[in-house]
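To keep things clear, I will list the structure first and then write my remarks on it.
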Amino acid sequence: MNLKEKIENYIPFDESEEKIKDYLLKWMNTFQDVLTRENEFGHFASSAFVVNKERTKMLVVYHNIYDAWIFPGGHADGEENLLAVAIREVEEETGLKTKVLDDSIFAISASPIIGHIKKGKYVPAHTHLDVVYLLEADDKKSLTFREDESKGVKWITFEEAVGNNIVDFIRPVHKRIIKKLNSKDY
């Protein structure tokens, strides 16, 4: 199943995800290239909501651009297998190996990315069309982080996941994912 079919088959958790699903599909129908940064208006990214075995904590990285905490993730960069992207990003950003709890899309979002400097070049404001997967990792393992992308990595409680230290536009996404996670048996 290709990415568009996966999104078409995704069952939104709530009204906001219904709107986001429509938005993602319209984007895919409007633009030919939605998987690479060549589309400067916006492109797909993949993130991981990484929980510990007890489902009491989640993993976050301190994002340099937003100067706040957010779940691990990154650009698709042409890769249509966004689950593979999420797994790779967690390992690159935190040093952790993960277990896939659900290989289907767990959540979706569309996030505003502010204009910023990356590798000495200006990147204009754009949208990240984000597909989120549910993964598990051992919260007792040591963590590492990439200084070029973040200032740290840590485990936080679900209460902290919606606090003021989280990237502002991600707080409602975290809240929705936690609610969904608590409504199912993972």
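The numbers here are math on the coordinates, done by the rules we state, and not lab data. Model, not experiment: these values are computed from the prediction. Methodologically, a virtual Cβ is constructed for each residue, glycine included, from the backbone with ideal geometry; neighbour enumeration extends over all protein chains shown.
Less than 19 Å from a label point 7 Å out along the Cα-to-Cβ axis of residue 16: which backbone N atoms in the stretch 116-155 qualify, by residue?
In the stretch 116-155, the label zone of residue 16 (backbone N under 19 Å from the point 7 Å along Cα→Cβ) covers 127-134.
Would you kindly state how much longer the chain becomes between residue 36 and residue 162 on full extension, computed as 0.36 nm times their sequence separation minus their alpha carbon distance, in nm to one decimal?
Values: separation 126, 0.36 × 126 = 45.36 nm, distance 2.96 nm.
That works out to 42.4 nm of additional length.
If the cut-off is 18 Å between C-alpha atoms, which lysines fall inside it for residue 118, apart from same-chain ones fewer than 8 positions away?
Cα-Cα hits under 18 Å: 151.
What Kirkwood hydrodynamic radius, in Å, does the chain give when the mean of 1/r is taken over all pairs of distinct Cα atoms and then inverted? Can you show the working numbers first?
Working: mean 1/r = 0.0603 Å⁻¹.
The Cα-based Kirkwood calculation yields 16.6 Å.
For the stretch 12-42, which GluC sites (Glu not before Pro) are in a loop by DSSP, counting at most 12 other Cβ atoms within 10 Å?
Values: sites: 15, 17, 18, 38, 40; in loops: 38, 40.
Answer in residue order: 38, 40.
With r as the distance between the Cβ atoms of residue 77 and residue 140 and R0 = 25 Å, compute the FRET efficiency 1/(1 + (r/R0)^6) and round to 0.05. Walk me through the numbers before you get to the answer.
On the way: r = 31 Å, r/R0 = 1.26.
It comes out at approximately 0.20.
Show me the trypsin sites (Lys or Arg not before Pro) within the stretch 8-37 that DSSP assigns to loop and that have at most 16 other Cβ atoms within 10 Å of their Cβ.
Values: sites: 19, 21, 26, 37; in loops: 37.
Answer in residue order: 37.
Using the per-residue mean of other Cβ atoms lying within 10 Å as a proxy for protection, in what order, highest first, do the peptides 42-55, 87-100 fall?
On the way: 42-55: 21.8, 87-100: 18.5.
Top to bottom by mean Cβ count within 10 Å: 42-55, 87-100.
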